[in-house]
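> Quick one: the structure is below, questions incoming.
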Amino acid sequence: IKCAGAPQKIMYLAEEHFRTAGVRDNVTVRWMCGTPSQFGAPKYSKVLDGICDERGIDRHFNWDLDSIDKDKKVATFRKVEGGKLTDETREESYDMMHVAPRMKSYDFIANSPLAGAGGWVDVHQGTCQSTKFSNVFALGDCSSIPTSKTAAAAAAQAGVVKHNIRAMMSGFAPNEEYNGYTSCPLVLGRNSLLLAEFNGFTKEPMETFPIDQGTPNAAFMYLKRDLMPVMYFEGMLKDRWDGPSPWAAALNFFDQKKIAQLSGGQEVPH
């Protein structure tokens, strides 16, 4: 799926609702996941593991949804080993189920000369330039860049693509590179959010704020609810927002280690 947080948010919200409604003891909340961990970035995965333990959420990893019998209310899952599906299956009954379906490229892209083996527009992960056509760039949902396909990642890639197109129009080779920045605001409740910001290539943190974002924070919930829609509709869609990189560098001016993480490289002098 394009973002590991997508199917989790409703789970945390539902579990919170069951508790506030006084019916939590009558409900088994079960998380079935085709990947080997709760989240791709280890720092945040560890935090989410702790939250699930605290809330009594039953978790089963490396089980991929295979089929659903809606009349019997039974879902069949297939075991994943080494990233590949096996013949081992298990059935789980349910009263209510939330599913994040598998995601793939549009057929008109997958069946075109632009696509690579996975069906996405095949690009260099740094410059976002097509590996097949020098005058083609791709970002976000349609590209082969190996990171979460989120709005945050697309915003950071957009700045790179703009720079490189301008460079080519001026007779220069593309020289700006996407550093892997991506973000997933993980809603844990009505007033709690874990703001995961990380390098999609290395899975290391790339946090904007000068605090430990591995701690869920009510303030981040207001950021997501009230500010992120503005950044998206008034910023990103109107070419005014290419991600938080300049703000992050300013907020962490005296933290060399964090500046290095944000640049995707080594510690650098100011």
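> Across the stretch 150-184, what is the total count of residues that are β-branched (Val, Ile, Thr), within 13 Å of GLN125 (Cβ to Cβ) and in a helix (DSSP H, G or I)?
Summing the residues that are β-branched (Val, Ile, Thr), within 13 Å of GLN125 (Cβ to Cβ) and in a helix (DSSP H, G or I) in the stretch 150-184 gives 2.
> Sticking with this one: Among residues belonging to the stretch 50-60 that are in contact (Cβ under 8 Å) with a residue 12 or more places away in the chain and in a helix (DSSP H, G or I), point out the one that is farthest from the chain's Cα centre (by Cα).
Per the criteria, the residue is ARG55.
> Which condition from (1) closer than 19 Å to GLY126 by Cβ; (2) open to solvent by 30 Å² or more (accessible area, probe 1.4 Å); (3) in contact (Cβ under 8 Å) with a residue 40 or more places away in the chain is the one that PHE198 breaks?
Among (1) closer than 19 Å to GLY126 by Cβ; (2) open to solvent by 30 Å² or more (accessible area, probe 1.4 Å); (3) in contact (Cβ under 8 Å) with a residue 40 or more places away in the chain, PHE198 violates only (2).
> Moving to a separate point now. Which of the residues spanning the stretch 61-114 are among the basic types (Lys, Arg), in contact (Cβ under 8 Å) with a residue 12 or more places away in the chain and not in a loop (DSSP other than H, G, I, E, B)?
Scanning the stretch 61-114 gives ARG78, LYS79, ARG90.
> If you go through the stretch 201-248 one residue at a time, how many are closer than 23 Å to GLN125 by Cα, open to solvent by less than 40 Å² (accessible area, probe 1.4 Å) and assigned to a helix (DSSP H, G or I)?
Qualifying residue count, the stretch 201-248: 1.
> Any idea which of THR150, THR127 is out of contact with any Asp or Glu (no Cβ under 7 Å at 6 or more places or on another chain), within 30 Å of GLU176 (Cα to Cα) and touching a residue at least 40 places away in the same chain (Cβ under 8 Å)?
Answer to the check: THR150.
The values are calculated or read from the model by the stated rules, or taken from the named source; none is laboratory data. Everything numeric in this text was worked out from a predicted model, so none of it was measured. Using ideal geometry, Cβ is built from the backbone for each residue, glycine included, and neighbour counts are taken over all protein chains shown. Accessible surface is based on the protein model in full, side chains and every heavy atom, while ligands, DNA and RNA are left aside. Shrake-Rupley method; radii C 1.70, N 1.55, O 1.52, S 1.80 Å.
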